[in-house]
1. So which aspartates and glutamates pass the test for Lys82, namely a Cα distance under 17 Å, with those fewer than 8 places away in the same chain ruled out?
2. Along the charge dipole of the chain, pointing to its positive end and built from +1/-1 on Cβ of Lys, Arg, Asp and Glu, which listed residue (Val55, Phe43, Ala32) has its Cα farthest out?
3. Let me know the shape class of the range 3-78, please: from the alpha-carbon gyration tensor, a ≥ b ≥ c as square roots of the eigenvalues, rounded when a/c is under 1.5, otherwise prolate if a/b is greater than b/c, or oblate.
4. Cα to Cα, under 20 Å, and not fewer than 8 places away if on the same chain: which aspartates and glutamates meet these conditions relative to Lys89?
5. Mind checking the full-extension length gain between Asp65 and Gln79? Use 0.36 nm per residue of separation minus the Cα-Cα distance, one decimal, nm.
6. Which lysines, on any chain, are close to Lys64 with Cα under 26 Å apart, when same-chain ones fewer than 8 places away are left out?
7. Normalised by the number of residues in the chain, what is the relative contact order in percent for Cα pairs under 8 Å and 6+ residues apart?
Amino acid sequence: MGVTKEQVESSLRSKLSPSHLEVVDTSGGCGASFAVEIVSDQFEGKRLLERHRMVNAALVEEMKDIHALSITKALTPEQHLKKQQESEKSQVAA
């Protein structure tokens, strides 16, 4: 049996305490492939590779059954806020 979106969310919430988390099952429901967007204070001062390693470590048990994990964003809250503000400015300018 594959991993559920809820299992991935639960593990990430308990281990990385994200202020924003979006998990999408990209496998069509079989639980073999997920896309993750996560914002956490724990990423502060960490390089992107370290952040990805932290996400993978948080999902060590789930990764036994997941075939593909796409970490689309792994940001600090400050970076997330800045990207939101930039997005809002570009929408207003358009």
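A short reminder: the numbers here are calculations on the coordinates, not readings from a lab. Just so it is clear, the model here is predicted, and its values are computed rather than measured. Note that each Cβ is placed from the backbone with ideal geometry, even for glycine, and that neighbours are counted across all protein chains shown.
1. The reachable aspartates and glutamates, counting only those whose Cα sits under 17 Å from Lys82, are Glu37, Asp41, Glu44.
2. Value computed over the given set: Phe43.
3. On the way: a/c = 1.87, a/b = 1.77, b/c = 1.05.
The shape class here is prolate.
4. Qualifying aspartates and glutamates at Cα under 20 Å: Glu78.
5. On the way: separation 14, 0.36 × 14 = 5.04 nm, distance 3.11 nm.
The span from Asp65 to Gln79 would gain 1.9 nm if fully extended.
6. By straight Cα distance, Lys64 reaches Lys5, Lys15, Lys46, Lys73.
7. Working: 134 pairs, mean separation 28.6, N = 94.
So the answer I get is 30 percent.
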